[in-house]
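Report on the structure given below.
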Amino acid sequence: KPRAGRGLDPASPDQPDHIVEDTVDTGVFPKWEDHDERLLAVFHLPAAGDDQLDTMPVVCLVGADLLLTFHPAPHAGLDWLLEAATTHAVLSEGGPDRMLGRLADFAAREFLPLVEECDVAFDALADRALQGEPGVLGDSQALRRDAATLRSVLGPQREVALGLASAPSPLLDEEARRNLRDAYDRHHRLVEELDAARMMLASVADTYRAAVAERTNDVMKVLTVFSATLLPLTVIAGIYGMNFEHMPELGKRWSY
């Protein structure tokens, strides 16, 4: 749960109020701020929602010798990153700035499976649209909503990684900036994949309507053949039934 840590005392008169607010705000958006002696960065990680995709903010406060993270709920990925950093020497090298770069790169990796699932779902939806299956439009709207949620987080998060990588702060060394640039590259690729998938999703509705229209045309062709076959018989029956008193075989038991 959000709580005050070393170097972040809400009661301190020299502590900016908005930094404290960001640490307890569960709706804070991805951003970064330079406060001279410390850097504030906000990243989002995927979170399990009730019935739709959701994200969770992770507020990072970086100082010369500390990295504090605040998040509203436990996250298995963050627990794994902490355990890996404490057990593997490679991940524990450097200061808190390098760990911030690793965390930014980790955030992009956490979103990668979701983006890949969206790509698979887009392809399957396109195939269903070609077949004119019912329910395509509803599923298309659900996928569009998930893609918009991912895009609204990954887009600003990409800019956060780029801004930190080029920030003139002495708290970030060159290795940390390289990690942040790697994080930017990963976020950029994810955003590009989402944009391409959303463009493809925009054509799904047109494909579905075209498939339904083609199927309707096939049905109309069959009905037209039946109508053309029955029309002469209908004309003959109408003429004889309404205009003639003496019809062939009318007096017979099995007359028509």
### Query
Taking Cα atoms of the range 107-209, Rg/Rh with Kirkwood Rh, to two decimals?
1.15
### Accessible surface, 1.4 Å probe, highest first, among residues His188, His44
His188, His44
### Message
Quick check: convex hull over the Cα atoms of the range 60-143, volume per residue in Å³, rounded to an integer?
### Response
124
### Task
Mind ranking 161-170, 210-219, 133-142 by how tightly packed they are, going by the mean number of other C-beta atoms within 10 angstrom, highest first?
161-170, 133-142, 210-219
### Query
Ranked from the most accessible area to the least, with a 1.4 Å probe and all protein chains present, what is the order of Lys221, Lys31?
Lys221, Lys31
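The values are calculated or read from the model by the stated rules, or taken from the named source; none is laboratory data. The shown structure was predicted, so the numbers you read here are calculated from the model rather than taken from an experiment. Methodologically, a virtual Cβ is constructed for each residue, glycine included, from the backbone with ideal geometry; neighbour enumeration extends over all protein chains shown. With ligands, DNA and RNA removed, areas are computed over all heavy atoms of the protein, side chains included. Shrake-Rupley method; radii C 1.70, N 1.55, O 1.52, S 1.80 Å.
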